[in-house]
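Written below as structure tokens is the structure these notes are about.
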Amino acid sequence: MPLLKAALAAALLAFAAVTFAPIAARAQAARGSVLLGDDAFLNAGWRELHGRCIGIVTNASGVTSAGENFVDAVRRNGHICVRALFAPEHGLRGDRPAGSYVASYTDERSGLPVYSLYGATRHPSAVMLDGVDVLVFDIQDVGARPYTYVSTMAYVMQSAAASGKEIWILDRPNPIGGTLVEGPVLDPHFSSFVGLYPIPERHAMTVGELARMFNEHFHIDAKLKVIPMTGWRRDMIWAETGLPWTATSPNIPYAKTALVYLATGLIDEAGINNGVGSDKPFERAGVFGMDGAAYAAALNARRIPGVHFAPAVWTPRNGFWKDKQLAGIEIDIDDPHTFPSVRTAVELMCAARDVGRYVRIHNARTMDIDWGTDTVRKAVVAGAAPDAIVHAWQAQIPAFLALRDKYLLY
């Protein structure tokens, strides 16, 4: 018997080696294979400054592939002149709540002025740019049009163009991948800080690629330089890059949160809690008194690719639903490469409407700005089927894809 067990164990090990070796090899090949734009800047790109001084637009998510804060890494190079730091929504350290006013101050660690671009102004002013020759942008985006860091980038580019400064974008991965494009293209009537230009909700572009599009097609016309990554492929999600994840904002604590952000970040103005205020922000959807099992069953019956839904209950610690037990679903992604996040937002609203009339529009204008159109809200309220709502925006996608192709770097 011991010999038989030993032989069986050896056979199982051999089977595992053959079966899982390719998976392990792919994981090993991906781990550490992506070098970011800030890595390239720190390795050699800074030499092209030729003694000019920079202002760094960044926050806590601006880290190198080794996980080091970009500002700290720059300051270790005594040859780079840094005049000022600029911080977007959520502040330099990424710890301010969404929408909260951020004041300018002096950074204790570096002694540099930190100018807020989410306070009294969202454009760097002439005073802020005094002594700055080149603006350097290093912030991790989440691949969603409403996420304001891309708008901050556009505003900084506009200020650079107006003042004759150069703007360098240090490119970073799109954490939800660079292939799947979804959602309505923004109607210019709904242009705002959560969506400046007519691009889809899910654009599948990197910040460097967006900067190229904004600069040329949307006529910012700044002196733009994009420092690309190496090793990143369009089919990669964040988990396949081998890079450490740093929270981009308080409610995007994990890379997987970026995958569901567009699924539930678009439903809160429809009266559905999206898990913000709980231990799983954006991973849940529900309301007070909902039958979570019925909601999950209705959604699973839709056979949405790459995802299934499980009944869940939670109690938000803050916000409108503070201390109330809510019921609904939790999102469990099976295949992040096929998961249609924006379609899922539509499915979540329609199922909530049909299961128990739980859709209650809190602020129509805010919801329309989030979606970049009023057609989605009106269709949901009118009782339209999810497929009809999704089909309505599909005609806009081919033209965007043709435009996008001109600016892709990878």
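Would you say R234 is modelled with pLDDT of 95 or more, outside any loop (DSSP other than H, G, I, E, B) and among the basic types (K, R)? Against the criterion (modelled with pLDDT of 95 or more, outside any loop (DSSP other than H, G, I, E, B) and among the basic types (K, R)), R234 does not qualify. For segment 166-179, filtered to residues that are open to solvent by less than 40 Å² (accessible area, probe 1.4 Å) and part of a loop (DSSP other than H, G, I, E, B), the residue that is farthest from M236 (Cα to Cα) is D171.
Table: residues versus (1) in contact with a Leu (Cβ under 6 Å, 6 or more places away or on another chain); (2) surrounded by fewer than 24 Cβ atoms within 10 Å (Cβ to Cβ).
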| site | (1), (2) |
| --- | --- |
| I220 | no, yes |
| K223 | no, yes |
| V226 | no, yes |
| R234 | no, yes |
| S249 | no, no |
| T257 | no, yes |
| V260 | no, no |
| G286 | yes, no |
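Table: residues versus (1) open to solvent by less than 10 Å² (accessible area, probe 1.4 Å); (2) at pLDDT below 90; (3) under 21 Å from the mean Cα position of the chain (by Cα).
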residue: I56; (1), (2), (3): yes, no, yes
residue: G99; (1), (2), (3): no, yes, yes
residue: S104; (1), (2), (3): no, yes, no
residue: R109; (1), (2), (3): no, yes, no
residue: V132; (1), (2), (3): yes, no, no
residue: V156; (1), (2), (3): yes, no, yes
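Considering (1) open to solvent by 10 Å² or more (accessible area, probe 1.4 Å); (2) within 19 Å of A301 (Cβ to Cβ), the lone condition that V380 does not fulfil carries the number (1). Residue pairs whose Cβ atoms lie under 7 Å apart, separated by 6 or more positions or on different chains, with the first residue in segment 180-198 and farther than 26 Å from F339 by Cα and of a type in the set (S, T, Y) and the second open to solvent by 20 Å² or more (accessible area, probe 1.4 Å) and outside any strand (DSSP E or B), are S192/I369.
Quick check: anything in segment 156-173 under 28 Å from P340 (Cβ atoms) and polar (S, T, N, Q)? Checked against the condition, which is being under 28 Å from P340 (Cβ atoms) and polar (S, T, N, Q), segment 156-173 yields no hits at all.
For every residue, the table says whether it meets (1) without any contact (Cβ under 8 Å) to a residue 60 or more places away in the chain; (2) closer than 30 Å to S159 by Cα; (3) among the β-branched types (V, I, T); (4) in contact with a Pro (Cβ under 6 Å, 6 or more places away or on another chain).
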{"residue": "F214", "(1), (2), (3), (4)": "no, yes, no, no"}
{"residue": "H219", "(1), (2), (3), (4)": "yes, yes, no, no"}
{"residue": "R233", "(1), (2), (3), (4)": "no, no, no, no"}
{"residue": "T246", "(1), (2), (3), (4)": "no, yes, yes, no"}
{"residue": "N251", "(1), (2), (3), (4)": "no, yes, no, yes"}
{"residue": "A255", "(1), (2), (3), (4)": "no, no, no, yes"}
{"residue": "A258", "(1), (2), (3), (4)": "no, yes, no, yes"}
{"residue": "T264", "(1), (2), (3), (4)": "no, no, yes, no"}
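Scan segment 140-168 residue by residue and report those that are closer than 19 Å to D38 by Cα and not aliphatic (A, V, I, L, M). Once the filter is applied, which keeps residues that are closer than 19 Å to D38 by Cα and not aliphatic (A, V, I, L, M), segment 140-168 yields Q140, D141, G143, Y149, T152, E166, W168. Residue pairs whose Cβ atoms lie under 6 Å apart, separated by 6 or more positions or on different chains, with the first residue in segment 375-393 and among the aromatic types (F, W, Y) and the second open to solvent by less than 50 Å² (accessible area, probe 1.4 Å), are W393/P184.
Which one of G328, G277 is touching a Phe, Trp or Tyr at 6+ places or on another chain (Cβ under 6 Å) and open to solvent by less than 40 Å² (accessible area, probe 1.4 Å)?
Details: G277 fails: touching a Phe, Trp or Tyr at 6+ places or on another chain (Cβ under 6 Å).
On inspection, the qualifying residue turns out to be G328.
Filtered by the rule that a residue be open to solvent by less than 10 Å² (accessible area, probe 1.4 Å) and in a helix (DSSP H, G or I), segment 180-206 gives no residues.
The values are calculated or read from the model by the stated rules, or taken from the named source; none is laboratory data. Owing to the predicted nature of the structure, the values given are computational and were not obtained by experimental measurement. For neighbour counting, all protein chains shown are included, and Cβ atoms are generated from backbone atoms with ideal geometry for every residue, glycine included. Heads up: the accessible areas ignore ligands, DNA and RNA and are worked out on the full protein's heavy atoms, side chains in. Shrake-Rupley method; radii C 1.70, N 1.55, O 1.52, S 1.80 Å.
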